[in-house]
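Here it is: the structure, laid out below.
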Amino acid sequence: MTIVIKGGSIVGATGVTNADVLIDGDRIVEVGQGLRGDESLDAQGCHVFPGFVDLHTHLREPGREEAETIETGSRAAALGGYTAVVAMPNTNPAQDSVAVVKFVRDQGVRAGLCDVFPSGCITVAREGKVLAPFADLTAVGVRVFTDDGNGVQDPALMRRALEYARTLGVTMAQHCEVQDLTRHAVMDECACSSDLGLPGWPAIAEEMMVSRDIELCRLTGGRLHVLHVSTRGSVELVRQAKRDGLPVTAEVTPHHLALDHELLRSFDPVYKVNPPLRSMEDVLALRQGLVDGTIDAIATDHAPHPPRDKELPLDQAPPGMLGLEYALGVVNSVVDVTPSRLAEVFSINPARIAQIGDRHGAGAVVGAPANLSVVDLAATWRAEDHRSASLSRNVPYRGRSLRGKVRHTILYGRAVVRDGEAMR
Amino acid sequence: MRHVRSISELGRDRILGLLNLADRMAEINSRPVPKVPALRGRTVVSLFYEDSTRTRLSFETAARRLSADTMNFSVSSSSVNKGESLRDTVETITDMGVDAFVVRHKSAGVPWQIAQWTTAAVINAGDGAHQHPTQALLDAYTITRSRNSQDLAGLRVAIVGDIRHSRVARSNVEAFTALGAEVLLVAPPTLLPPVVSHWPVEVVHDFDSVVDSVDVLYMLRLQAERMNQGLVPSLAEYSTHYGLTPRRVARMSVDAQVMHPGPMNRGVEMVVDPAEIRGSLIHRQVTNGVAVRMAVLFDSLAVEPDHSALREEAR
Amino acid sequence: MPVQVMQRGDVSRAIQRIAHEIVERNHDLGNVAIVGLQRGGVWIAEQLAAKIIAIDPTLSVSSGALDVSMYRDDLRIRPVVDGAITEISFDVTDMLVVLVDDVLFTGRTVRAALEGLNSFGRPRAVQLAVLVDRGHRELPIRPDFVGKNIPTHAHDEVLVSEDGVIVKAPQ
């Protein structure tokens, strides 16, 4: 069976061309004018992007299925234009064994809404004490390792991890937080936290670890990916590391690009996240880093929590925000970049970092797997009018107008989202 | 329905109005029968997630003197652990038909969260290290009335001690400055909030350099756990540098006053017996607490201005 | 259109006459308290007390002020008056208390005052003096001493001061 995507503007790394895309089975077979297929998807007024790749998704299964399951999270991903997500390992049990990694991947296949690539832990149970079985996990396909939620505090352990990373050709993705500086922290350490009497999470706690790990990267040659960069100082450290030619990459979340710490004055736990929302000055530096190439990728840090948990007092509520369905609209609303740059940060670069470039990130190219995202970049919508596919409702964008909405998502030639509706 | 959650939410005019109202409440409290029917039929619930018998009794006394019915929902940590969420508790009590929640919680912001889940007025009796507005009102009331004035214009007030963890300090900085006082914060850097440059205060690290030039010394309680957190090297050292010692009392100007929100840590921040300080206002703070809380309850619950009805009644 | 229904002289003569009536009506006046209701009744009570002493200097006359706002049954529609404060520095038990107000209208203020007075003891008797009775009673309350009965519409406004009494129709 063939499908044709009609009337869209095809986005590649170098530019945009108007063409139809013909898909046969799971592959793209032709790109050109006036193509016909058995079925047609309307892309008038839309851009045809390579399917988005999220380096940072919390799917919660196994262990917290009341917050999200691999199926519901995959559906949210598909609705957000994602054809692949890297599943964070802070499940219960954690993704530190071949069995759990296989379980997560199989659940992803069963859901059939996007590719789910499990990450592996850096240390057993993310406890920062004993290294996880890197070689075993690499052998079953894991390419990104992280203790996300925790930074690896012990520099000797992190050095060993990066040495393994170099040998195995995988990436260590660090959640940069020196925990001794963030005990009981609820929000950014700033004038606002001082007013509210809330313990602060100072920028230095992130920057010290970014700086340390860049030096360990320099020492070992192991690939380092900096998760959810949130401060101006971190952006500058990554910028310098790249100038030095180190194998360092970095991601930023939509919420750190759009929201600042003043929102915490409402005491609404929906704005609590780790790392915390920062100052407008940091927000502007992150946007600049995204525009100038210092930051490689948008990563959602989609972190579902059930309403009950987000109704706890601010200092007790768990950190985290939904992101998958909102990322494109949020980023496109706050950062002025070309469609090509959007393709890079939403798909091409994260696919390269996750080492899944053979399946994702190529876009509408003849012979490539048909993983595409058709987006109306001009469509405006409001977050509160959208009924999320997630089991959770911790969306921090209520009351905001977002520009850019996913119309169709095509996964291996199958329209898993059509006209903004999930097909399964 | 008018919430009283922070001093900044009140603003200068409403603060002054509440202090005037407190005068009338103080007069009621001085009567042989200190009780009026003003809030008859209203129900006030004290929802205390953190033990504070003093504050709770002060509010409940205030409510009863205005003839409100009171309910007391004291939450020991064990019953919270049984699983009822804050929201469930608030919604259930609201359904019983209550007019005000008096809320004390160890977490900042809880009164704002509760206000989303109830139609009743929310009165903050202390949230985390954030705000304790009725304490600030009673402190402002105590100072002004002891000086026969309406506001604090021209007064130099030093707040001494653990500002960082103090809701009393945050509320008092806002209240005192709103009423025209010049406010000094006296503390080691570790006991100050990380950023205070935007507060309308002067920060002083050397207590001795200001002790002889202030009109009011407001001493804050220092909890022993601050030492374990590494914020002060030792209680003894803190006491030496930031405690109110007989030597410092002797240097105070003759009409300077001393205040403390209680409970005191004798031998830590108070190295003198407050009974021996001529200008101690500490007992008056407690007495005035009831009158000020009556004013707050009355102001939140009694009057719902309805101007068309007012015109009907005008004679 | 405001209408002046009492002139300055009328007001002072009415107060003088009420003072005489209080003395005459209460043969064994012994221990009397003249209590003005905040705010309109207070100045009248002060003048009454002074005139009673002038009539009979042997009398022991206490005077005070009573703010009834905490006792009202219509608190929600009548905001509390700023600065009105109760000043009764004596025990009213076994005294004759004369409550004084400027205008008697629905009677609700007087009802609240009777309740408020209870906080200060148990008077031997309570009487009511008003400068103007404008009618429209909503409670079984009747004045003992009246300066002038003035028929009004329920929506009229009655303004009382030492300079006279004015009735204003609603706009």
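Only one of these conditions is not met by B:VAL272: (1) of a type outside the set (Lys, Arg); (2) assigned to a helix (DSSP H, G or I); (3) surrounded by 16 or more Cβ atoms within 10 Å (Cβ to Cβ). Which number is it?
B:VAL272 satisfies all of (1) of a type outside the set (Lys, Arg); (2) assigned to a helix (DSSP H, G or I); (3) surrounded by 16 or more Cβ atoms within 10 Å (Cβ to Cβ) except (2).
If you check B:SER239, B:SER197, which single one turns out to be over 30 Å from B:ASP23 (Cα atoms), surrounded by fewer than 18 Cβ atoms within 10 Å (Cβ to Cβ) and of a type in the set (S, T, N, Q)?
B:SER197
Name the single residue, out of those in region B:39-65 being of a type in the set (Gly, Ala, Ser) and more than 16 Å from B:VAL98 (Cα to Cα), that is surrounded by the fewest Cβ atoms within 10 Å (Cβ to Cβ).
Residue satisfying both the conditions and the ranking: B:SER52.
Can you work out which of the residues in region A:29-41 that are part of a strand (DSSP E or B) and touching a strand residue (DSSP E or B) at 6+ places or on another chain (Cβ under 6 Å) is surrounded by the fewest Cβ atoms within 10 Å (Cβ to Cβ)?
For region A:29-41, the residue satisfying everything is A:GLU39.
Sticking with this one: Only one of these is more than 25 Å from A:ARG414 (Cβ to Cβ) and in a helix (DSSP H, G or I): A:ALA78, A:ALA94, A:ALA99. Name it.
A:ALA99
Determine the pairs where a residue that is more than 27 Å from A:LEU181 (Cα to Cα), located within region B:229-245, has a partner that is of a type in the set (D, E, K, R) with Cβ atoms under 7 Å apart, the partner being 6 or more residues away or on another chain.
B:GLY243/B:GLU269; B:LEU244/B:GLU269
Could you list, in sequence order, the residues of region A:276-307 that are under 24 Å from A:SER74 (Cα atoms) and crowded, with 24+ Cβ neighbours inside 10 Å?
Hits for region A:276-307 are A:ASP296, A:ALA297, A:ILE298, A:ALA299, A:THR300, A:ASP301, A:HIS302, A:ALA303, A:PRO304, A:HIS305.
Okay, residues lined up against (1) touching a Gly at 6+ places or on another chain (Cβ under 9 Å); (2) within 14 Å of chain A (Cβ to nearest Cβ):
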residue	(1), (2)
B:HIS130	yes, yes
B:THR134	yes, no
B:ILE143	no, no
B:ASP151	yes, no
B:GLY154	yes, no
B:ARG167	yes, yes
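Considering only region B:126-149, I want to know if a residue exists there that is surrounded by fewer than 20 Cβ atoms within 10 Å (Cβ to Cβ), assigned by TED's automatic domain parsing to the domain that holds B:PHE298, closer than 17 Å to A:LEU314 by Cα and not basic (Lys, Arg).
No - not one qualifying residue is present in region B:126-149.
Still on this model: Out of all the residues in region A:321-345, which are crowded, with 24+ Cβ neighbours inside 10 Å and closer than 15 Å to A:HIS386 by Cβ?
Correct list: A:MET321, A:LEU322, A:GLY323, A:LEU324, A:GLU325, A:TYR326, A:ALA327, A:LEU328, A:GLY329, A:VAL330.
To keep it simple, each residue is scored yes or no on (1) acidic (Asp, Glu); (2) within 30 Å of B:ALA295 (Cβ to Cβ); (3) at pLDDT below 90.
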| site | (1), (2), (3) |
| --- | --- |
| C:PRO79 | no, yes, yes |
| C:ASP102 | yes, yes, no |
| C:LEU117 | no, yes, no |
| C:PRO123 | no, yes, no |
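Find all pairs meeting these conditions: Cβ atoms under 6 angstrom apart; at least six residues apart or on different chains; first residue within region B:27-38 and within 7 Å of chain C (Cβ to nearest Cβ); second residue buried (at least 17 other Cβ atoms within 10 Å of the Cβ) and polar (S, T, N, Q).
Short answer, once both residue conditions are applied: B:GLU27/C:THR86; B:ARG31/C:SER119; B:VAL33/C:SER119.
Quick one: which residue in A:GLY197, A:GLY222 is crowded, with 18+ Cβ neighbours inside 10 Å and either free of Cβ contacts under 8 Å to residues at least 12 places away in the same chain or under 30 Å from B:GLU9 (Cβ atoms) (or both)?
Every option except A:GLY197 fails the conditions.
Regarding A:VAL85, is this residue outside any strand (DSSP E or B) and modelled with pLDDT of 95 or more?
Against the criterion (outside any strand (DSSP E or B) and modelled with pLDDT of 95 or more), A:VAL85 does not qualify.
So, in region A:66-96, how many residues would count as being in contact (Cβ under 8 Å) with a residue 40 or more places away in the chain and either surrounded by fewer than 22 Cβ atoms within 10 Å (Cβ to Cβ) or under 24 Å from A:LEU372 (Cβ atoms) (or both)?
The total comes to 19.
Looking only at region B:195-233, which residues are modelled with pLDDT under 95 and within 14 Å of another protein chain (Cβ to nearest Cβ)?
Scanning region B:195-233 gives B:GLU225, B:ARG226, B:ASN228, B:GLN229, B:GLY230, B:LEU231.
Return the pairs, sorted by first residue and then second, in which the second residue is modelled with pLDDT of 95 or more and crowded, with 16+ Cβ neighbours inside 10 Å, the first residue lies in region B:198-219 and is among the polar types (S, T, N, Q), the beta carbons are less than 8 Å apart, and the residues are 6+ apart or on different chains.
These pairs meet every condition: B:SER213/B:ARG156.
Also: Sort out which residues of region B:96-128 are away from chain A (no Cβ under 14 Å), of a type in the set (A, V, I, L, M) and more than 17 Å from the chain's Cα centre (by Cα), and write them in order of number.
B:MET96, B:VAL98, B:ALA100, B:ALA120, B:ALA121
Right, here's the next one. List the helices (runs of 4 or more DSSP H) that sit entirely inside region A:292-347 and contain at least 1 residues that are away from chain B (no Cβ under 14 Å) and within 17 Å of the chain's Cα centre (by Cα).
Where helices (runs of 4 or more DSSP H) fall fully within region A:292-347 and carry at least 1 residues being away from chain B (no Cβ under 14 Å) and within 17 Å of the chain's Cα centre (by Cα), they are A:327-334, A:339-343.
Continuing with the same structure: For region C:39-153, list the strands (runs of 3 or more DSSP E) that sit wholly inside it and hold at least 1 residues that are away from every other protein chain (no Cβ under 12 Å), crowded, with 21+ Cβ neighbours inside 10 Å and among the polar types (S, T, N, Q); which are they?
Fully inside region C:39-153 and qualifying: C:60-66.
Run down A:ARG359, A:ARG398 and say which single residue is in a loop (DSSP other than H, G, I, E, B), basic (Lys, Arg) and surrounded by 17 or more Cβ atoms within 10 Å (Cβ to Cβ).
Just a single option satisfies the conditions, and that option is A:ARG359.
Is one or more of the residues making up region A:196-214 small (Gly, Ala, Ser), away from every other protein chain (no Cβ under 14 Å) and outside any loop (DSSP other than H, G, I, E, B)?
yes
Out of A:LEU55, A:LEU59, which single residue is assigned to a strand (DSSP E or B) and under 25 Å from A:GLU325 (Cβ atoms)?
It is A:LEU55.
Do we find a residue being in contact with a Gly (Cβ under 6 Å, 6 or more places away or on another chain) and closer than 26 Å to B:THR177 by Cβ anywhere in region B:2-15?
No, region B:2-15 has no match at all.
Report whether or not A:GLY233 is closer than 22 Å to A:ARG352 by Cα, surrounded by fewer than 19 Cβ atoms within 10 Å (Cβ to Cβ) and not hydrophobic (A, V, I, L, M, F, W, C).
In short, no.
The values are calculated or read from the model by the stated rules, or taken from the named source; none is laboratory data. It should be emphasised that the depicted structure is a prediction, and the values quoted were computed from it without experimental measurement. Cβ sites come from the backbone with ideal geometry, for glycine too, and all protein chains shown count toward neighbours.
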